[in-house]
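This report refers to the structure that appears directly beneath it.
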Amino acid sequence: MAIDIPEAPNPYLIGYNEPVRDESDFADLEVTGNIPAALQGTYLRNGPNPAFEPVTRYHVFDGDGMVHSVRLDEGRASYRNRYVESQGLLAERRAGRALFGGLSEFRMPPAELLEEAGMMKNTSNTNIVSHAGRLLALMEAGKPTELSWDLETVGEYDYHGALAGPMTAHPKEDPDTGELLFFGYSPFPPYLRYHQVDPAGELTRTVDIDLPAPVMMHDFAVSSRHVVFFDLPAVFDLDAMLSGGVGIRWEPDNGARIGVLDRQDLDAGVRWIPVEPFYVFHFLNAYDEGADGRTVVVEGCRSERLNVNFGDEAMPSTAAGDPVRPSLHRWRIDLEAGSVTDEPLDDRPADFPRVNDRLAGRRTRYGYVGHTRSWADDDVEFDGVTRHDLNAGTSITHVYGEHAVCGEAVFAPDPDADPETAEDAGWLLNFVHDRDTERSSLVILDAQAMEEVARVHIPRRVPFGFHGNWVAE
Ligand SMILES: [Fe+2]
């Protein structure tokens, strides 16, 4: 007798991931505690939020971008959320249904959309950054999407035609020079490009970089002197993708290497140092050691293998039956000797690493990482933030609540403090969802005390998202 086994609901479409479909504005939000007067500005956070029922197997990386923002002004708070209105989403709205596949199940869009919206929808769902007066929503497979300051979509932005190829969702602003440094990777040659944007917002330099194979490179690291790329074996398989399969595979046989570019001598090219394969989605920071500029140190969240499964049954994380969890590591790269050491800093699972960005590229004492309640392949629950004192080798963890699920804690510096002498003077901002009450809040922690100072109650649920930033005014 046949038994009907209902298909398990897609975990990325239920619970704290369940998309919201409205665009709303709420003023004068209820606040528990006191919003610090110095917090004057806007917290912005991007994330995936599919506008239509997916037509193919949905992965959380596929959803349409939606920016949730909370403006803090003289102790009062207001909320706004808007879709990133990509050409692909506009076409889907006209059709009244989803038209694009995703990472787990690629599907060519209708021919008439190829020209208009490209092979993949530029969801711009991963991060939102400001530089040189522009607000850019980012997703690594596409160009930036410019948003107005009231979060309306202006359109794709390519630096007046100067940007060839896509842009990572993790550009780095140098707090000393005001430059924005970033890369873009592509499944088509050149597989990697490095770009520099000057403080006025002009793209002034692009360097094409050779890689043995096209790889998914989510983030990179930048110190005052160096740019560091991690070529790790999450390899693109275009044939598999175009036949509707999984287009990214873990292939340790491709090897792994760390590449260093000298910002003072870009023409010298990338110096590559081979390493044993591992994977990193996010870096905490990088800094130079010693006066000769020959050693660069990088910190980030390292896992043994690629720790995201796009639906491939052969993926090691599934085949081994044991989820692959990242934890905080430090690499010391000796350019003279051509060697790399790898030092684990903590054995707890962690991701979403952040520092006080006013010290990005220099040695930072404090690193903030997401703390997890549980970590399975498709189900990672962050419930707090851990502040590491990397000088002392100690840490403090703040858990937002028994039923809390949170995202990345963003460090908002105290504008009245000198980061050189008071690096941790500031606050950590995070959207926190309560699984019990289904209510969402913006929670503000004092980053020195690691204690909650204010909880802004959002009169709607804010789904889990990716990255955000604080834009002070
Ligand atoms: Fe990311």
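Coordinate-derived values only; no laboratory data. Owing to the predicted nature of the structure, the values given are computational and were not obtained by experimental measurement. FYI the Cβ positions are ideal-geometry reconstructions off the backbone, even for glycines, and counts take in every protein chain you see.
A few remarks follow.
- Available extension along the chain between ARG373 and ARG332 is 11.8 nm, counting 0.36 nm per residue and deducting the alpha carbon span.
- Segment 450-473 and segment 352-397: distance between their alpha carbon centers, rounded to Å: 17 Å
- Label point at ASP22 placed 7 Å out along Cα→Cβ; residues across segment 427-441 whose backbone nitrogen lies under 16 Å: 439-440
- The slack between GLU304 and ARG460, meaning 0.36 nm per residue of separation minus the straight C-alpha distance, is 52.4 nm.
- Gyration tensor (alpha-carbon) shape descriptor, segment 144-201, a/c threshold 1.5: oblate
- Overall, the ratio between the Cα radius of gyration of the chain and 2.2 N^0.38 Å, rounded to two decimals, is 0.93.
- Total formal charge among the other residues, if their Cβ is under 11 angstrom from that of HIS371, Lys/Arg +1 and Asp/Glu -1: -1
- Helix-derived mean residue ellipticity, 222 nm - over the chain, DSSP H n ≥ 4, -39500 (n - 2.57), to 500: -1000 deg cm²/dmol
- Taking the Cα centre of segment 264-315 as reference, the dipole from Cβ charges on Lys and Arg (+1) and Asp and Glu (-1) amounts to some 60 debye.
- Rounded, prolate or oblate (a/c below 1.5 giving rounded, otherwise prolate when a/b exceeds b/c) for segment 125-226 by Cα gyration tensor: oblate
- When only the Cβ of Lys, Arg, Asp and Glu is charged (+1, +1, -1, -1), the dipole of the chain relative to its Cα centre reaches about 260 debye.
- Loop-located GluC sites (Glu not before Pro) in segment 358-417, at most 11 other Cβ atoms within 10 Å (DSSP): GLU402
- Sites matching GluC sites (Glu not before Pro) across segment 159-204 that sit in DSSP coil, with at most 14 neighbouring C-beta atoms within 10 Å: GLU202
- In terms of other Cβ atoms within 10 Å, THR295, THR145, THR153, THR437 run from fewest to most in the order THR437, THR295, THR153, THR145.
- Relative contact order computed over the chain (Cα-Cα under 8 Å; 6+ residues apart), in percent: 13 percent
- FRET efficiency for ARG439 and ASN10, using Cβ-Cβ distance with R0 set to 30 Å, rounded to 0.05: 0.80
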